[in-house]
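Here's the structure we're looking at; comments come further down.
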Amino acid sequence: MSNPTMEAKVRELMELKRMREELEVEIIATEDTIKAVMGNEELLIAGAYKVSWTPFTTSRFDSTAFCKDHAELAAAYTKTATVRRFTVR
């Protein structure tokens, strides 16, 4: 399918994605600056804002190890789905 009238819309999409990437980099850099100031402290009061940086424990299922150790069981519970992938090149 060819649709030359959509070129401007696709260009806009690509520009917005580029801007998002730049913002994500700035957000991470700003967070890192705040974390550096906090050091080992878990709470920072910054005027009207309370910033917390607290440790927590999480547990995640190691599907790679499970599939390796229990291949037949993993295959029995694996679902296949067909989806559409949206890409712009």
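Computed from the coordinates by the stated procedures, all read-outs in this text should not be read as laboratory data. Computed from a prediction, not measured in an experiment: that's the story for all the values here. Neighbour counts run over all protein chains shown; Cβ positions are idealised from the backbone, glycine included.
Provide the gained length on full extension for the span Thr58 to Thr87, in nm with one decimal, where the gain is 0.36 nm per separating residue minus the Cα-Cα distance. Kindly include the intermediate steps, with their values, before the conclusion.
Details: separation 29, 0.36 × 29 = 10.44 nm, distance 3.29 nm.
Extra length available between Thr58 and Thr87 comes to 7.2 nm.
HN-Hα J couplings of region 65-75 from phi, Karplus 6.51/-1.76/1.60, θ = phi - 60°, integer Hz, Gly and Pro as x?
5, 4, 5, 5, 7, 9, 4, 5, 5, 4, 5
Mind checking region 1-88 for chymotrypsin sites (Phe, Trp or Tyr not before Pro) that DSSP puts in a loop (not H, G, I, E or B) and that have at most 16 other Cβ atoms within 10 Å? Don't jump to the answer; show the numbers that get you there.
Values: sites: Tyr49, Trp53, Phe56, Phe61, Phe66, Tyr77, Phe86; in loops: Trp53, Phe56, Phe61, Tyr77, Phe86.
Passing both the DSSP loop test and the Cβ count: Trp53, Phe56, Phe61, Tyr77, Phe86.
Along region 14-24, what does the Karplus equation 6.51 cos²θ - 1.76 cosθ + 1.60 (θ = phi - 60°) give for ³J(HN,Hα), rounded to whole Hz, x for Gly and Pro?
Working through the residues one at a time gives 5, 5, 5, 5, 4, 5, 4, 4, 4, 5, 4 Hz.
Ratio of region 4-76's C-alpha Rg to 2.2 N^0.38 Å, to two decimals?
On the way: Rg = 21.9 Å, N = 73, 2.2 N^0.38 = 11.2 Å.
The value comes to 1.95.
Check the straight Cα-Cα distances from Lys35 and name the lysines below 29 Å, setting aside those fewer than 8 residues away within the same chain.
Lys17, Lys50
Work out which GluC sites (Glu not before Pro) in the chain are exposed loop sites (DSSP not H, G, I, E or B, at most 14 other Cβ within 10 Å) and give the longest gap free of them.
Numbers: sites that count: Glu41, Glu42.
In the chain, the maximal stretch lacking such sites is 43-89.
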